[in-house]
Each structure stands twice: as structure tokens, then as C-alpha cells.
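What follows is a set of notes on a single structure, which appears directly below.
The values are calculated or read from the model by the stated rules, or taken from the named source; none is laboratory data. Just so we're clear, the structure is a prediction, and the values are computed from it rather than from any experiment. Please note: Cβ atoms are built from the backbone with ideal geometry, for glycine as well, and neighbour counts cover all protein chains shown.
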Amino acid sequence: MMKENIIFMNKICKSFPLEIGGVQQVLFDVTFNVLSGEFIAIMGPSGSGKSTCMNIIGALDTPTSGVYELYGKNITNMTNDELAKIRNEYIGFVFQNFNLLSKRNVLDNVMLPLMYRGISTEDRIARAREMLRRVGLENFETYLPTQLSGGMKQRVAIARALAGNPKLILADEPTGALDSKMGNEILKFFKQLNKDMGITIIMITHEFEIAKYAHRIVHIYDGRINYDGPVPQKESILMKNVR
Ligand SMILES: Nc1ncnc2c1ncn2[C@@H]1O[C@H](COP(=O)(O)OP(=O)(O)OP(=O)(O)O)[C@@H](O)[C@H]1O
Ligand SMILES: [Mg+2]
């Protein structure tokens, strides 16, 4: 399959207004590209700007300056409705705290992204069931999220992300709330989705041991990229350009 450039970020800056006046700049000239089929870890210490960067990648927020193209579409000046449409069409989101609807059962949660797609209820149920089978939770349809372990909740969230048939999965600290055994299961699952289905994966983490599951690490420090390349032998190499 031809690899296409699905993400093009050129000199992205992001500032937030401060309550005391003025602004805080969080991202400085962030530039990178992503090819379809890549599995990337965005790594960096707490407060370095990872989630801010992920929110822009995921069209949840827009940059203050710079150019951002997602699947060939310039999202920089899009309206909220246009951004929502792009998200729904291309991206599956996975979060640290699962973001499941606590009063809805597992099947309803997985059906959610299919709501606005103009498909029949029957087809939505069938698709959600198929996704639950894929994550090994076919026998838990009627459970509420509170009745599941953390690892199971994250698998429901992954089934939900997959239900919309995304080309790209964005995961912000997907194993942050899990013990290492469950975390490893989730990471292996991502690896399999990437390899077998060709889904592009961008995962945020602050741990090198987790970033190692990816093929490429983009390391952010103080809002700037200081390493972008294959997983290095030693974590210290990620810091070699920090002044
Ligand atoms: N909506 C916002 N308004 C104001 N400041 C913000 C906003 N979002 C993030 N920031 C600031 O931007 C900086 C980077 O935050 P960000 O959440 O991107 O870091 P992070 O690398 O994801 O950290 P963590 O590992 O703790 O999740 C922080 O100083 C934070 O206070
Ligand atoms: Mg964060």
C-alpha cells in the first residue's frame, strides 16, 4: 500500500491567554509529518505540551499560528462543525480515564460514534458487537462501565474508537490508569491494530518503556521537538539536544 502523508504540521505555535493578562506560549514551531501506517509515541515530561499538541492533531483545538493539514485538509481556519465532522470521519480517540458514559452499558458506549452516520439501529448494533468481539468483550454487552476492570474499560474505549472505522487512533496516556500487566495488553493490542489493519497510531506517554512499543518517538521538551526518530537504545539520547 502506498504511504500517504496524513499529517503535515509546519511551525505550529500555541499560546493560551493568562488570567493576569498576556499569554503563555506552550508550543514553539512544532514541525513534523506523519505517514499512514506509522505507530508514533509523543513523549515528554509533564507540562511539556504533549496534550496541547495532541489536541491540535486531533482537531479538538486549533493552533495560534502555523499550518496544520490533516488528510490534505487545512484545519487551521475551520469552524467547530467542520472540525467535528473531520474528527468523526477520520479519528478514534482513546483517553487515560476511558471517558465512557457511566450510565450506559458497554454496547451503547461502543455504538456512540455511529450515531450521526445515518445507519440503521440494526447495523449499528451489529457493528458494535463485531468491535466488542475484536477486543474480547463479546460477553459483556450489558455490563455498565463500573462493573469492569480498568483494562476492560480501556478495551471498551478502543472498541468505541474502532467502531467509527478510523484511519487514525489518537491515544493520550492510554495506559496511565492501568497496572503494568493490563497496560501491556493494551499496548500489544495497539501494535496488532497497527500491523494487521494498518491503522495509524499516535500515542502520548511520558514513559520510555511504553514509548518503545512505537516505531518512532517524537520527544517534546518545553514545547519544542528535540528528538524525532526511531526508538533509541537509551532514553538519554532523547535528551541530547536539550539546552
Ligand atoms: N487550556 C489551557 N489554558 C491555559 N493553559 C493551558 C491550557 N492547556 C494547557 N495549558 C498549559 O500548557 C502547558 C502544557 O500542558 P499540556 O497539558 O500540554 O502538558 P502535557 O505534556 O500533556 O503534561 P502531562 O504529562 O502532565 O499531561 C502547561 O503549562 C499547561 O498549564
Ligand atoms: Mg497531558
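Points worth noting:
- Filtering region 154-176 for residues that are free of Cβ contacts under 8 Å to residues at least 12 places away in the same chain and part of a helix (DSSP H, G or I) leaves an empty set.
- When region 59-69 is filtered for residues that are within 13 Å of ligand 2 (Cβ to nearest atom) and modelled with pLDDT of 95 or more, nothing remains.
- Scanning region 44-63 turns up no residue that is touching a residue at least 24 places away in the same chain (Cβ under 8 Å) and in a strand (DSSP E or B).
- Residue list for region 16-58, filter: within 13 Å of ligand 2 (Cβ to nearest atom) and small (Gly, Ala, Ser): 44, 46, 47, 48, 49, 51, 58
- On the stretch given as region 1-29, residues that are of a type in the set (Phe, Trp, Tyr) and either assigned to a helix (DSSP H, G or I) or within 9 Å of ligand 1 (Cβ to nearest atom) (or both) total 1.
- Of all residues in region 70-127, those satisfying the criterion of being more than 20 Å from residue 142 (Cβ to Cβ), among the charged types (D, E, K, R) and in a helix (DSSP H, G or I) are 81, 82, 85, 87, 89, 117.
- Taking first residues from region 120-132 that are surrounded by 12 or more Cβ atoms within 10 Å (Cβ to Cβ) and partners that are charged (D, E, K, R), the Cβ contacts under 6 Å between residues at least 6 apart in sequence or on separate chains come to 132/138.
- Which numbered condition residue 85 fails, given (1) closer than 23 Å to residue 161 by Cβ; (2) at pLDDT 95 or above; (3) within 17 Å of the chain's Cα centre (by Cα); (4) not polar (S, T, N, Q): (2)
- When residues of region 30-50 are limited to those that are surrounded by fewer than 17 Cβ atoms within 10 Å (Cβ to Cβ) and under 19 Å from residue 70 (Cβ atoms), the one farthest from ligand 1 (Cβ to nearest atom): 35
- Set 88, 97: member being within 16 Å of ligand 2 (Cβ to nearest atom) and in contact (Cβ under 8 Å) with a residue 12 or more places away in the chain: 97
- Wholly within region 198-243, strands (runs of 3 or more DSSP E) carrying at least 2 residues that are modelled with pLDDT of 95 or more and under 16 Å from residue 176 (Cβ atoms): 200-205
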